[in-house]
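Worksheet for the structure shown next.
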Amino acid sequence: MIEKINMINFTVGPVQSSEAVRAIGAEQVPYFRTAEFSEIMLENERLVKKFAHTTEDSRVVFLTCSGSGGMETAIMNTLTKDDKALVINGGSFGERFVELLTLHEIPFTEIKLEHGKALKAEHLAPYEGKGYTAFLLQKHETSTGVHFDINLVSDFCKRNRCFLIVDTISTFLCDPFDMAALNAGIMITGSQKALACPPGIAVMALAPSALERIGRTKCCCQYLDLKIALKNQERGQTPWTPAVGVLRQINVRLRDIDAVGGADAEIAWTAHLAKYFRDKLKEHSFPFEIISESLSNAVTPLHPTTASAYEIFLKIKDEYGMWICPNGGDMKDTVFRVGHIGCLTEADYDKLIDAFDDLSAKEFQDINNDYFTKNKRSRLI
């Protein structure tokens, strides 16, 4: 069994952090009702606005919860029973939006896509001019690795005057996103993805259209009430005790990104790592199929054609000291994912390719392939 402390992490969150971010995590957590902490929070807001390409009059809030908490917060604070929403469901996170809309009794229509399939104009055509007021989607459906065409959705929303809520949790700082140009109302992300900090903070960028909706919508959860959060963020504070350490780590990370070229440079590096890994896969001809019709830079989703995806995950973890990203539900045995976010290098991917090579040479003889035996499929290679 490999010692877990020095594992290489190729998952999509939490991911590997820089030395500077980890150093903050080793410090004592300071008291936060101070001018110094307020300065950090205001700088965090300024830099997120810069990297998301918001309008000047947009706002950013930081909630102590997961990205899923940000998804629910968006719905609770901006949508009501008078809305009529469209939602893209292309995987487990699209399904989460469906569940949240159902829970909060927001009228909606679900556009359900097959796993791995891209969103196309013909999917939206039946809903033109039908009175929809809101549109919700993941820019990148992390579970299947599909990067949806946000420009297609934005154009639809502009024509139909829909309020656009975009979950960019796994694509912010991985793929281009211009919030102002897209006319998006809300952008949601999280601390544990490309921000490469520990989990615990949901980040929400709010356009003026969102601020107007927040002002007239009653939120039935005090902790997630954005009116309260926005009022406190005016002075660089939060209404409740936040994850102080993580917010300080976010500040270090945002400043480091800004110092080396901003969002464009970060996106370019992530794209480089994704291409490097995918090119290596082609060179080695592993029996893995990329299942997504429209890839993000953030992750490569792979279907092993002759072995259980979950068993490969376990083997890589326990014998080679690396985490790849497993899937759950009906994709547990059929898809694993390799992430390209966090503090990773080409040398890290070389080690993963070597591990795949080694397993291939062994013909995965030690892997329990019950799933594929039941489905009358042979072992890998």
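Within the stretch 219-229, the set of residues being of a type in the set (A, V, I, L, M) and buried (at least 19 other Cβ atoms within 10 Å of the Cβ) comprises LEU224, LEU226, ALA229. Please work out if ALA309 is within 22 Å of the chain's Cα centre (by Cα), under 28 Å from HIS272 (Cα atoms), in the same structural domain as ALA268 (by TED's automatic domain parsing) and at pLDDT 95 or above. Here the answer is yes, as ALA309 does meet what is asked. When ASN297 is tested against (1) surrounded by 16 or more Cβ atoms within 10 Å (Cβ to Cβ); (2) at pLDDT below 95, only condition (2) is not met. If you go through the stretch 134-153 and keep only what is surrounded by 17 or more Cβ atoms within 10 Å (Cβ to Cβ) and over 19 Å from the mean Cα position of the chain (by Cα), you end up with just ALA134. The residue that is modelled with the highest pLDDT, among those in the stretch 239-294 that are under 24 Å from ALA309 (Cα atoms), of a type in the set (Phe, Trp, Tyr) and surrounded by fewer than 21 Cβ atoms within 10 Å (Cβ to Cβ), is TYR276. Say whether the condition of being out of contact with any strand residue (DSSP E or B) (no Cβ under 6 Å at 6 or more places or on another chain), surrounded by fewer than 16 Cβ atoms within 10 Å (Cβ to Cβ), in a loop (DSSP other than H, G, I, E, B) and not small (Gly, Ala, Ser) is met by at least one residue in the stretch 231-238. There is at least one residue in the stretch 231-238 that is out of contact with any strand residue (DSSP E or B) (no Cβ under 6 Å at 6 or more places or on another chain), surrounded by fewer than 16 Cβ atoms within 10 Å (Cβ to Cβ), in a loop (DSSP other than H, G, I, E, B) and not small (Gly, Ala, Ser).
Quick grid of which residues meet (1) outside any loop (DSSP other than H, G, I, E, B); (2) modelled with pLDDT of 95 or more; (3) out of contact with any helix residue (DSSP H, G or I) (no Cβ under 6 Å at 6 or more places or on another chain):
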position	(1), (2), (3)
ILE5	yes, no, yes
VAL15	no, yes, yes
VAL21	yes, yes, no
GLU36	yes, yes, yes
ARG46	yes, yes, yes
VAL61	yes, yes, no
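If I filter the stretch 95-118 for residues that are under 23 Å from ILE290 (Cβ atoms), assigned by TED's automatic domain parsing to the domain that holds ALA196 and crowded, with 23+ Cβ neighbours inside 10 Å, do I get at least one hit? No, every residue in the stretch 95-118 fails to be under 23 Å from ILE290 (Cβ atoms), assigned by TED's automatic domain parsing to the domain that holds ALA196 and crowded, with 23+ Cβ neighbours inside 10 Å.
Touching a helix residue (DSSP H, G or I) at 6+ places or on another chain (Cβ under 9 Å), surrounded by fewer than 21 Cβ atoms within 10 Å (Cβ to Cβ), free of Cβ contacts under 8 Å to residues at least 40 places away in the same chain and not hydroxyl-bearing (Ser, Thr, Tyr), is that true of GLU56? So GLU56 fits the description; yes. Within the set PRO126, PRO176, PRO199, PRO208, the sole residue that is surrounded by fewer than 20 Cβ atoms within 10 Å (Cβ to Cβ) and touching a Pro at 6+ places or on another chain (Cβ under 7 Å) turns out to be PRO199. Take the conditions (1) without any contact (Cβ under 8 Å) to a residue 24 or more places away in the chain; (2) assigned by TED's automatic domain parsing to the domain that holds SER191; LEU254 misses just one of them, which is (1).
Based on this model, can you work out whether ALA355 counts as in a helix (DSSP H, G or I), of a type in the set (Gly, Ala, Ser) and touching an Asp or Glu at 6+ places or on another chain (Cβ under 9 Å)?
Working: in a helix (DSSP H, G or I): yes; of a type in the set (Gly, Ala, Ser): yes; touching an Asp or Glu at 6+ places or on another chain (Cβ under 9 Å): yes.
So ALA355 passes the test.
The values are calculated or read from the model by the stated rules, or taken from the named source; none is laboratory data. Everything numeric here is computed off the predicted structure, so don't read it as measured data. Reconstructed Cβ throughout: ideal geometry from the backbone, glycine too, with neighbour counts over all protein chains shown.
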